[in-house]
1. Give the residue, chosen from Thr121, Thr116, Thr82, that is on the phi < 0 side of the Ramachandran plot and surrounded by 13 or more Cβ atoms within 10 Å (Cβ to Cβ).
2. Which of the numbered conditions does Glu134 fail, given that it passes all the others? Conditions: (1) more than 22 Å from Leu36 (Cβ to Cβ); (2) part of a helix (DSSP H, G or I).
3. Would you mind finding the one in Ala150, Ala95 that is among the small types (Gly, Ala, Ser) and over 30 Å from Val26 (Cα atoms)?
4. Look through the stretch 150-166, keep the residues that are of a type in the set (Gly, Ala, Ser) and open to solvent by less than 80 Å² (accessible area, probe 1.4 Å), and return whichever of them is farthest from Lys43 (Cα to Cα).
5. Could we say that Val127 is in a helix (DSSP H, G or I), among the β-branched types (Val, Ile, Thr), surrounded by 12 or more Cβ atoms within 10 Å (Cβ to Cβ) and at pLDDT 95 or above here?
6. Would you say Asp147 is among the acidic types (Asp, Glu), on the phi < 0 side of the Ramachandran plot, surrounded by fewer than 12 Cβ atoms within 10 Å (Cβ to Cβ) and more than 16 Å from the chain's Cα centre (by Cα)?
7. For the stretch 48-59, indicate whether the set of residues that are among the charged types (D, E, K, R), under 13 Å from the mean Cα position of the chain (by Cα), more than 22 Å from Arg109 (Cβ to Cβ) and open to solvent by 20 Å² or more (accessible area, probe 1.4 Å) is non-empty.
Amino acid sequence: MGDAADEILAQWRRERPDLDVWPMGVIGRISRLSNLLDREFKKFFAEYGLEFWEFDVLATLRRAGPEHGLTAGALNRAAMVTSGAITNRIDRLAARGLVERVPSAEDRRSIRVRLTPEGRTLVDDLVGRHVDNEVRLLKALPEPDRDDLAALLRTLLTSLGDTTLD
């Protein structure tokens, strides 16, 4: 059984047999998969009154450790959004009482964003359910295939410069 990308590739091969369209199969599948996963995550997080981006910010702060927090710039790099978007996200999460802005202990001119106790409780309660949901989404892949896919994606990401969050 084929997927939608197979149909798209067949159409291009029929209309432009002179082109080697194999990259469209890879990039198209990655793009379509991203859209499908976004839709699944939106549904999942809506059950908990969250947007996926809200969980992403909370989880990023949780990974950073409980006391330190992150600057808005560090959150921006982790989320790969504009500085205006991250400011808006921090504002919305702060209004919900899930994050707070605090002066940096190292540099009083710098502000760090950290989880409030409510934000930490929420992310700690939800992260296990999120992992279970991801397991559900990947259940079609046997373990060796999961490892191979992760390795292939790592190779592609590093070749495009995605090697660090900094």
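1. On the way: Thr121 fails: surrounded by 13 or more Cβ atoms within 10 Å (Cβ to Cβ); Thr82 fails: surrounded by 13 or more Cβ atoms within 10 Å (Cβ to Cβ).
That would be Thr116, the only listed residue that is on the phi < 0 side of the Ramachandran plot and surrounded by 13 or more Cβ atoms within 10 Å (Cβ to Cβ).
2. (1)
3. Details: Ala150 fails: over 30 Å from Val26 (Cα atoms).
Unique residue meeting the criteria: Ala95.
4. Taking the stretch 150-166 as the starting set, the residues that turn out to be of a type in the set (Gly, Ala, Ser) are 150-151, 159, 161.
If we keep only those that are open to solvent by less than 80 Å² (accessible area, probe 1.4 Å) too, we end up with 150-151, 161.
Working: Ala150: 24, Ala151: 28, Gly161: 31 Å.
Selected residue: Gly161.
5. Values: in a helix (DSSP H, G or I): yes; among the β-branched types (Val, Ile, Thr): yes; surrounded by 12 or more Cβ atoms within 10 Å (Cβ to Cβ): yes; at pLDDT 95 or above: yes.
Judged against the criteria, Val127 is a match.
6. Numbers: among the acidic types (Asp, Glu): yes; on the phi < 0 side of the Ramachandran plot: yes; surrounded by fewer than 12 Cβ atoms within 10 Å (Cβ to Cβ): yes; more than 16 Å from the chain's Cα centre (by Cα): yes.
So Asp147 fits the description; yes.
7. Filtering the stretch 48-59 for residues among the charged types (D, E, K, R) gives 51, 54, 56.
If we keep only those that are under 13 Å from the mean Cα position of the chain (by Cα) as well, we get 51, 54, 56.
Now drop any that are not more than 22 Å from Arg109 (Cβ to Cβ), which leaves 51, 54, 56.
From what's left, open to solvent by 20 Å² or more (accessible area, probe 1.4 Å): 51, 56.
Yes, the conditions are met somewhere in the stretch 48-59.
Table: residues versus (1) in contact (Cβ under 8 Å) with a residue 40 or more places away in the chain; (2) open to solvent by less than 70 Å² (accessible area, probe 1.4 Å).
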| residue | (1), (2) |
| --- | --- |
| Leu36 | no, no |
| Ala94 | no, yes |
| Val99 | yes, yes |
| Glu106 | no, no |
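The values are calculated or read from the model by the stated rules, or taken from the named source; none is laboratory data. Here the structure is a predicted model, which is why all the values come from computation and not from measurement. Neighbour counts run over all protein chains shown; Cβ positions are idealised from the backbone, glycine included. Calculation scope for accessible area: heavy atoms of the full protein, side chains included, ligands and nucleic acids excluded. Shrake-Rupley method; radii C 1.70, N 1.55, O 1.52, S 1.80 Å.
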